[in-house]
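Worksheet: one structure, shown below.
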Amino acid sequence: MSATDRIDPAGLPPVDPNAAPKRRGKLLIVDDEEGPRMSLRVIFKDKYDLLMAEDGPTAIELAQQNDVDVAILDIRMAGMSGIEVLERLRFVRPEIEAIMMTAFETTDTIRQALRLRACDYINKPFDIATIRSAVDQAMQRRLLESEIHTSAEKVRELITELQNRTVEQQITKTHNDIYASILHDINGPLTVIYGFIQLLIKKLNRESGFEVEDLEFVLERLRLMERQAANCIEIQRRYLSFLRRRTGETTPVGVNQLLRDLEQLVRVHPSFQENEFAIKPLGGDVAVKINGTDVIQILLNLTVNAFQCSPTPHRVEMGGEVLGVPLDLTQFKDGPNDRLLNVESLENTVPLVKLWVRDSGPGIPTEVLPKIFQPYFTTKGPRQGTGLGLNIVQRLIKEGNGALHCHTLPGQGTTFTVYLPGAGLAK
């Protein structure tokens, strides 16, 4: 048997030398008579941290400044009675344990003490063993409750941290998927364009006798391929630039260019299937003060969510406009068909860019709507989604000082509207 396994002669379990010491409870003694007050001090001074008060206002002030666990209150005191003091203490420290003392017991005072959840009621002059037992039991309950509360808080913090890390990992994964998809999608056209150019060059070098019309046709195709190749290269450069600036200052991004890039991703997405899809660009191009990949990720998540709202083929539309006046937030009311999120972070100044994704699906049930932005909430099967898409959308919009409005009608579909701060005309 090791030294740490030895049993204490008193029969108590061994003490872990590395364990954090348990805190001493804090006891508040309130009595306007010095004799009883000092007697209680002598009884408990070696066991608990004591706070002494000779009247109600002093007791309340001490409770405001200290984490009091248990209070011993004399019911009859000059000025504020013990019942009045306990009532005030309940506002300051709702969790406090209270023991009432009196030399004049009445049914009314007992009833009032019980109403204020006093845990014990002791007559004066008190018996030492009785008061000790009452305080010790009250202190044990309070300290145990405190430990449970602390443990619960730690568990909640760990769960929140785990959820945040998982969401951040999912955001990073989605960003990487976007980059990989963009590079994959433009690699094919680039390869075809390059091969076609090489073929035309060989044809022009090898054969003669081209008619003027043939030459003009070839030259026009070459110009088209050149523009397409330049667009592909620009997409690569733009998104690589976004990646480098992910944690730095955000450069304004033209919304119509983002919508064009997004359409390429949507058309090849597995969720597109037999659904209809249409994009309506802004009347005049404008920039937004948010990372370009974040805008694409927001709209792509909303679009995929719209595709997946029903197994039956339906229509999904995306569009936007520039608002010349700030939002009138009084017009937005949360209810069975509406939710408005991130109002507290919205940069509600013009120009504001309004982007929407609308579907003709079945709509969102009233009981489900309040839950759709919670992490891991999903109505899909276990292999059809992580339940993080809409939560990621909300986070990215909040980081971009925007707001998100969801409007749904059963049987008629759902519209998600994103409001983002504009940055003038895109250069």
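Starting at the first residue of the stretch 335-342, write each ³J(HN,Hα) from the Karplus equation 6.51 cos²θ - 1.76 cosθ + 1.60 with θ = phi - 60°, in whole Hz, x for Gly and Pro.
With coefficients 6.51, -1.76 and 1.60, one gets x, x, 10, 9, 9, 10, 10, 6 Hz.
Calculate, for ARG23 and THR330, the FRET efficiency according to 1/(1 + (r/R0)^6) with r their C-beta to C-beta distance and R0 56 Å; round to the nearest 0.05.
On the way: r = 49 Å, r/R0 = 0.88.
That gives a FRET efficiency of 0.70.
Over the stretch 23-126, what lengths in whole Å, largest first, do the semi-axes of the equivalent ellipsoid take, defined as the square roots of 5 times the eigenvalues of the alpha-carbon gyration tensor? Don't jump to the answer; show the numbers that get you there.
Details: eigenvalues 70, 51, 32 Å².
They are 19, 16, 13 Å, listed from largest to smallest.
Restricting to the stretch 250-421, compute how many DSSP beta bridges are antiparallel as a %, nearest 5. Working shown, then result.
Numbers: 30 of 35 bridges.
Taking every DSSP beta bridge with both residues in the stretch 250-421, the antiparallel ones total about 85 percent.
If the chain between VAL42 and ARG315 were fully stretched, how many nm would it gain, using 0.36 nm times the residue separation less the Cα-Cα distance? Provide the component values of the computation, followed by the final result.
Working: separation 273, 0.36 × 273 = 98.28 nm, distance 8.01 nm.
Result for the pair: 90.3 nm of gain on full extension.
Are any of the pairs LYS280/LYS371; LYS289/LYS371; LYS333/LYS354 more than 24 Å apart by Cα-Cα distance, and if so, which? Could you put the intermediate results ahead of the total?
Working: LYS280/LYS371 30 Å; LYS289/LYS371 29 Å; LYS333/LYS354 18 Å.
Among LYS280/LYS371; LYS289/LYS371; LYS333/LYS354, the Cα-Cα distance tops 24 Å for LYS280/LYS371; LYS289/LYS371.
How high is the relative contact order of the stretch 250-421, in percent, with contacts defined as C-alpha pairs under 8 Å that are six or more residues apart? If you can, show how the numbers build up before the last one.
Values: 331 pairs, mean separation 42.7, N = 172.
Across the stretch 250-421, relative contact order equals 25 percent.
Would you kindly state how much longer the chain becomes between GLU157 and GLU34 on full extension, computed as 0.36 nm times their sequence separation minus their alpha carbon distance, in nm to one decimal? Before the final figure, lay out the partial values.
On the way: separation 123, 0.36 × 123 = 44.28 nm, distance 4.55 nm.
Working it through step by step, the gained length comes to 39.7 nm.
Based on the Kirkwood radius over alpha-carbon pairs, what is the Stokes-Einstein translational diffusion coefficient of the stretch 250-421 at 20 °C with 1.002 mPa s viscosity, in µm²/s?
Numbers: Rh = 16.3 Å.
Approximately 132 µm²/s, per Stokes-Einstein.
No value in this document is a laboratory result; all are computed from the given coordinates. Only a predicted model underlies this, so the values are computations on that prediction, with no experimental measurement involved. Using ideal geometry, Cβ is built from the backbone for each residue, glycine included, and neighbour counts are taken over all protein chains shown.
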